[in-house]
Amino acid sequence: MPPDVLNAATAQDQAAAWFSHLRSGDASPEDWRAFEQWRQSDQEHDRCYRHLEAIWQATLQIPESELRAALRASRPSAPVNKPRRRFAWGMTAGLCAAGVLAAVGIRASLDTEPSYQATLTTPRGLHEELRLPDGSILMANTGTRAQIRFYENERVVDLYAGEVFFDVQPDRSRPFVVHAGQSRVVVTGTRFNVLHEQQQLQVTVESGSVKVQQGAWWDRDTRLLERGQSVHTAEDAPLGQVQKADLDTSLAWRNGMIVFENTPLEQAVAQINRYLPQAAVFDAPRFASYKVAGVFSVNEPLALIHTLPDLVPVKIQTLPSGQLRISE
């Protein structure tokens with residue numbers, strides 16, 4: 001369990017700590033399971049977390065000028081040292097005190113529950129498909145953790161880790177928003193892929209268009225992607241430029257395949273590791289940039305690792321733990 005949660009004295013503080021940690025991109029599968037246990041262990045935990053989620057969704061609708069003014073109005077005249085974990089609730093109090101939520105006409109109540117919610121989790125090596133009430137379809141790749149919630153005016157997915165292909169049904173009255181770390185993807189109806197791994201984000205559009213935003217509300221960068229385009233970014237880094245996407249390669253996983261096309265060996269091993277029960281250790285720095293190519297089945301990742309010596313002058317060793325080691 002994250003230290004901020006352990007040190008939190010109240011359910012509100014714990015909810016704020018969990019909310020921050022799960023959006024940081026650093027949450028492990030164990031953290032995710034601990035969060036679910038914490039949330040289900042007490043109705044007050046669930047209520048506080050839903051309350052914070054509702055506030056977050058509301059503030060996303062506030063014009064930046066209004067939000068800036070509210071934060072300035074709520075700022076104390078003298079510096080006050082408070083624990084960082086209380087920031088989310090302190091900011092909320094300032095917004096409510098300034099009357100911003102009412103001023104901009106936000107109708108959503110902070111106590112309103114989503115009309116639909118679900119958790120999507122896929123173990124290593126497996127895929128899962130989820131059909132949503134609006135007809136949208138989510139196809140999750142290996143090692144994915146996500147939460148889905150539908151509200152009156154918005155459809156929201158929090159992608160904590162992994163990869164999801166979204167086939168979104170059009171609904172201009174309810175935008176479809178995907179949150180991944182410090183980035184968010186906004187659409188009304190389209191088909192696109194989001195990969196969120198190791199604080200990296202890759203968005204690829206198969207059809208329609210999407211808006212990708214990176215950074216906090218006061219310093220947000222935006223890219224508009226059309227069919228056949230992609231963008232890459234990393235946590236705490238500027239949003240990359242729009243690139244032409246190789247859809248056959250980047251979306252091959254939906255057909256149970258992994259495609260390498262002049263892919264550096266170290267990067268190829270990192271992709272294979274997503275499907276292995278235990279990630280292989282890459283210990284061949286001289287060949288890290290060696291280019292490999294081929295089409296392989298994701299259903300046989302171990303066999304794929306053992307074919308590497310046929311492509312590159314490396315050796316495969318099984319460690320006592322059962323983990324594979326790739327060496328020179």
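The values are calculated or read from the model by the stated rules, or taken from the named source; none is laboratory data. Predicted model only: the values in this text are computed from it and were never measured. Because the Cβ atoms are built from the backbone with ideal geometry, glycine has one as well, and the counts that use them run over all protein chains shown.
Pull up segment 231-254, narrow it to residues that are part of a strand (DSSP E or B) and more than 16 Å from the chain's Cα centre (by Cα), then point me to the one that is farthest from residue 26 (Cα to Cα). Here the answer is 244. The one condition from (1) among the basic types (Lys, Arg); (2) surrounded by fewer than 18 Cβ atoms within 10 Å (Cβ to Cβ); (3) in contact with a strand residue (DSSP E or B) (Cβ under 7 Å, 6 or more places away or on another chain) that residue 286 does not meet is (3).
Could you tell me whether segment 123-141 includes any residue that is surrounded by 19 or more Cβ atoms within 10 Å (Cβ to Cβ), farther than 21 Å from residue 202 by Cβ and assigned by TED's automatic domain parsing to the domain that holds residue 214? Within segment 123-141 (the criterion being surrounded by 19 or more Cβ atoms within 10 Å (Cβ to Cβ), farther than 21 Å from residue 202 by Cβ and assigned by TED's automatic domain parsing to the domain that holds residue 214), the answer is yes, since at least one residue qualifies. Picking from residues in segment 142-160 that are surrounded by 21 or more Cβ atoms within 10 Å (Cβ to Cβ) and either on the phi > 0 side of the Ramachandran plot or of a type in the set (Ser, Thr, Tyr) (or both), the one that is modelled with the highest pLDDT is 144. For segment 285-328, the strands (runs of 3 or more DSSP E) that sit wholly inside it and include 3 or more residues that are within 28 Å of the chain's Cα centre (by Cα) are 291-297.
Determine, yes or no, whether residue 37 is of a type outside the set (Phe, Trp, Tyr) and more than 18 Å from residue 119 (Cα to Cα). It is false that residue 37 is of a type outside the set (Phe, Trp, Tyr) and more than 18 Å from residue 119 (Cα to Cα).
Scanning segment 291-318 for residues that are under 22 Å from residue 198 (Cβ atoms) and touching a strand residue (DSSP E or B) at 6+ places or on another chain (Cβ under 7 Å) turns up 291, 292, 296, 298, 304, 305, 308. Inspect segment 206-222 for any residue being buried (at least 19 other Cβ atoms within 10 Å of the Cβ), within 17 Å of the chain's Cα centre (by Cα) and at pLDDT 90 or above and give the result as yes or no. Yes.
Put simply, of 245, 234, 252 the only residue that is modelled with pLDDT under 90 and either hydroxyl-bearing (Ser, Thr, Tyr) or crowded, with 16+ Cβ neighbours inside 10 Å (or both) is 234.
Would you call residue 307 free of Cβ contacts under 8 Å to residues at least 24 places away in the same chain and either among the hydroxyl-bearing types (Ser, Thr, Tyr) or at positive phi (or both)? When the stated conditions are applied, residue 307 passes them.
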